Structure formats: C-alpha cells, structure tokens
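A short worksheet on the structure shown next.
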Amino acid sequence: MSAWGTLTGVRPVKLVQYLKQQTTGKDQVYQLLIERYGLSKPNASLIMDISEREDALLRPIDKNKVAIYLNIPFCPSRCSYCSFISVANKNAAGLYRGYVDALTLEIQAVQDFLSKHGKKVLLVYIGGGTPTVLDGDCLASLLAAVSSFNLQNALEYTVEAGRADTITEDKLEVLIRYEVNRISINPQTMNVDTLALVNRHHTPEQVIAAVELAHNKGLQVNMDMILGLPGEGVSDVQDTLQQVLNMAPVNVTVHNLALKKTSAMYQLPVPDAKQQIIAEMNAFCSRVLQKTGYYPYYLYRQKNTAGGYPNIGYTVSGQECLYNVAMISDRCSIYSCGAGSITKIISEGKRFKRLATTKDAKHYINDIDKIIEKKIRWFNDENLR
C-alpha cells in the first residue's frame, strides 16, 4: 500500500482538521490516520505538524477578513508540463492593455462590494500565468487598481514573477512603489538542458540575477522546484536545491511532476523504473531543507504524480507565505478577479461555494460587463454574506 494509504484527496491536512473536530485529542487523530486511513507514521506525523502550524497561521482570519486573488493568464511561453490556461507571449502582447482595463473594472466592482459589506483584505496574490510578463505601464496600471482595496490591514502582498526572463529592475521598482512585499521566482530546475526541454526560455544565470535584484530591493522571495522532470536524476535535483538554497529564499516549494491532460507532456508517463529515483529525490529535499532550517508548513497532492508524492512548501521561521496556506486550507474566503479565476467564499459550517470566471482572455475582455454583473449578483446571495 502507498505511504498515503487510502487517501486520494488533494488536501490531506483538511482530513486532520475534520478529525480534530470529531475526536478528543491529537493522539487519537494520529492513530486514526494510521489505523483507519493507512498512512505511514512519517506521513501521519507530517500532516499533523502542518495542521498545527496552519491553525496558528489562520487564527487571525474570520469571515470578514479575506484574501484577493487576481489572475494574469499570460506567459512568455507555455511550459511543457503546464495545465494552466494561459496565452503565450507571441499571441498575447496585443491583449495586455485591454485585459488590464477589463480587470480594473472588475477590481473596482469587487472593492465596492467588500467595502459595503465590511470585509477587510488581509492577503493579496497576483498569479497566473506570469504577471510580470506585462509591460511596465500595464503592470503599473494593474497595481494602481489594486491599491483601491483598503490594504491598511494587509499582512502580505505577493506577485508571481515565476519566469526570470520577465524580471527587470524597472518592473521591480513598480512593485515596490505599490507596496508589494513578496514575489515568486521559480526556476523549477537549474539544469539548462532541462529548461530548454520543458520550453522555459531562461537560464540559471538569469534566475540568480533576478533573485539578487529582488533581494536588493527588499522583497521576500518564494521559489519552486519540480522533481521528476524528463531526463533528470538525483544529482540534478541535488544541484538545483543547493543553488536554490544559495539564493536564500524565504519559501521553497518542492513539487512532484504531475501529468495533466491539457499539458504537452501528458503522453509521457513516468516509467516504473523511475519510482525509486523520485523517492530518493523527495527524501533528499526533505532531509536537506530541514537540516538547513526550513520546515514544512503547507502540503497538497495532485493526481498522476509518480509515486503519489505530495507538493510541500517549506519556510524559515516566521516567513510563511500566508496566501499559500489560506488557499490550500479552504478556511479563508478568496475573492478572485480575472480570466480563469475562481472565487471561493466560506459560509457557515466552514463550507465554501465557488464561482469560476471564463478562462478565455478575449471573451473576458469582451464580456466584462456581464461577468461583473453576474459576479456581484452572486456575491449578494444571502447565503454568502
């Protein structure tokens, strides 16, 4: 049996939260994870520990304190493993201004609703896609629109800058001007041959330069890496992790390659012979990160990963990316704007309701008035207040 036993859901920590409400103590929850659900002892301990950290991090959040997510569905190129809906740069540049203008209208409508109903914004996350693919003027317009939210209570303001080839000093200056305090710069691997193979057109040197520039501007940096990329062995992962640690990010998320139907790599299943290699990769990353002073604080699983390994976020003390925890936990309402975004509003009993927005950027621009009308009508449903 898998070390994750019978658990097939993508958010194992949610099971721990549920069991805590049904039982009398942590020891009983731990035993249930092992005996009823078949988890290995290390995995049961792992999600118990993450649950405790999650509880402490989310304690300041109540129904009137919310997160904002904005989606920018554009990228310099589409990575071979990517399943997100995004438009590659050669087809997207002509959409930037129209998209930002439409998104600004939606932001204003959502801000009006939140203000009217006494909601306070604690977290802002601008993702995608790659938001920093926008030119400087469009990026500044977007962040100016975001500033219409009352951000005086905000604990965290993050912008995805995942592709190092989109980062310039001028763009970072724009982020600083509008009080962004955290960015994500995601190499995925520091192997130049693998980067080319998965259609990421940046170099390891660009990643190092971008992180140094971000640190010089006073920004906190999140970084991601992916285990199980084509052609990579344990030594490649060891090299990537060492280079990532040399750059001293506050957050390192270790992903395992997931084969998604909408990705170019879907027809390339991980061979059985690679299972042991991926196990070694995961064990190495966990061991080295924790020895270096990072600890796991959020976790989720995806379908079709080799060996069923989860994605785990590690951080140094007090530097957790709170949006990551809020998003994975489903214990904080997230009001989302933009094409492909999904709003999740927590109602009584910690249940949540979802509203998705069209994934097509052109349709989003052309139909923005209807999209806003539908969304605000949905917000005003009595069950969502």
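Quick notes on this one:
- Directionally averaged shadow of segment 74-224, computed from the convex hull of its alpha-carbon atoms, nm²: 8.9 nm²
- Surface share of carbon and sulfur [accessible, 1.4 angstrom probe, percent] for the chain: 49 percent
- Bridge orientation summary for the chain: considering DSSP beta bridges with both residues in this region, about 35 percent are antiparallel.
- Residue pairs exceeding 25 angstrom between C-alpha atoms, taken from Lys119/Lys344; Lys26/Lys274; Lys26/Lys119; Lys20/Lys41: Lys26/Lys274; Lys26/Lys119.
- Fully extending the segment from Lys291 to Asp330 would add 11.0 nm, taking 0.36 nm per residue of separation and subtracting the current Cα-Cα distance.
- Relative to the Cα centre, the charge distribution of the chain, modelled as +1 at Lys and Arg Cβ and -1 at Asp and Glu Cβ, gives a dipole magnitude of about 1320 debye.
- Dipole of segment 86-204 [Lys/Arg +1, Asp/Glu -1 at C-beta], most positive-end residue of Gln108, Leu172, Leu195: Gln108
- Shown is the FRET efficiency for Lys362 and Leu245, computed with R0 = 51 Å from the Cβ-Cβ distance and rounded to the nearest 0.05: 0.75.
- Here each label is just a point 7 Å from Cα along the line to Cβ, and for Ser347 and Glu212 those points are 5.3 nm apart.
- Length released on extending from Asp369 to His117, taking residue separation times 0.36 nm less the Cα-Cα span: 88.6 nm
- Taking 7 Å steps out from each Cα toward its Cβ at Ser80 and Asn380 produces label points 5.1 nm apart.
- Cα-based convex hull volume of segment 270-352 per residue, rounded to whole Å³: 131 Å³
- All alpha carbon pair distances within segment 159-262 were sorted into 10 Å bins beginning at 0; the resulting P(r) in whole percents reads 15, 49, 28, 8, 0.
- Total formal charge among the other residues, if their Cβ is under 10 angstrom from that of Ile368, Lys/Arg +1 and Asp/Glu -1: -4
- By the Cβ-Cβ criterion of under 4.7 Å, the unpaired cysteines of the chain are Cys75, Cys138, Cys285, Cys321, Cys332, Cys337.
- For segment 188-338: rounded, prolate or oblate by the Cα gyration tensor [a/c cutoff 1.5]: rounded
- Accessible surface for Arg287 stands near 140 Å², nearest 10, in the context of the full protein assembly shown (1.4 Å probe).
- Solvent exposure of the chain amounts to 44 Å² per residue of accessible area, where only protein heavy atoms count and the probe is 1.4 Å.
- Linear extension gain, Asp49 paired with Ser317, 0.36 nm per residue minus alpha-carbon span: 95.0 nm
- Within segment 318-333, backbone nitrogen closer than 18 Å to the virtual label 7 Å beyond the Cα of Asn181 toward Cβ: 318-327
- For Thr23, the solvent-accessible surface computed with a 1.4 Å probe is close to 30 Å², ligands and nucleic acids excluded.
- Working note: 222 nm ellipticity from helices only, DSSP H runs with n ≥ 4, each -39,500 (n - 2.57), summed and divided by the residues of the chain, gives -12500 deg cm²/dmol to the nearest 500.
- Set of aspartates and glutamates with alpha-carbon distance to Lys353 below 20 Å, sequence-local pairs under 8 removed: Asp62, Glu106, Asp330, Glu373, Asp381, Glu382
- Scattering curve values for the chain, log₁₀ I(q)/I(0), Debye with Cα scatterers, q = 0.07, 0.10, 0.13 Å⁻¹: -0.31, -0.66, -1.15
- Note on segment 1-159: Cα convex hull, mean projected area over all directions, 12.4 nm².
The values are calculated or read from the model by the stated rules, or taken from the named source; none is laboratory data. In this text, all values refer to a predicted model and were calculated from it rather than measured experimentally. Cβ atoms come from the backbone with ideal geometry, glycine included; neighbour counts cover every protein chain shown. Heavy atoms of the whole protein, side chains included, go into the accessibility calculation; ligands, DNA and RNA do not. Shrake-Rupley method; radii C 1.70, N 1.55, O 1.52, S 1.80 Å.
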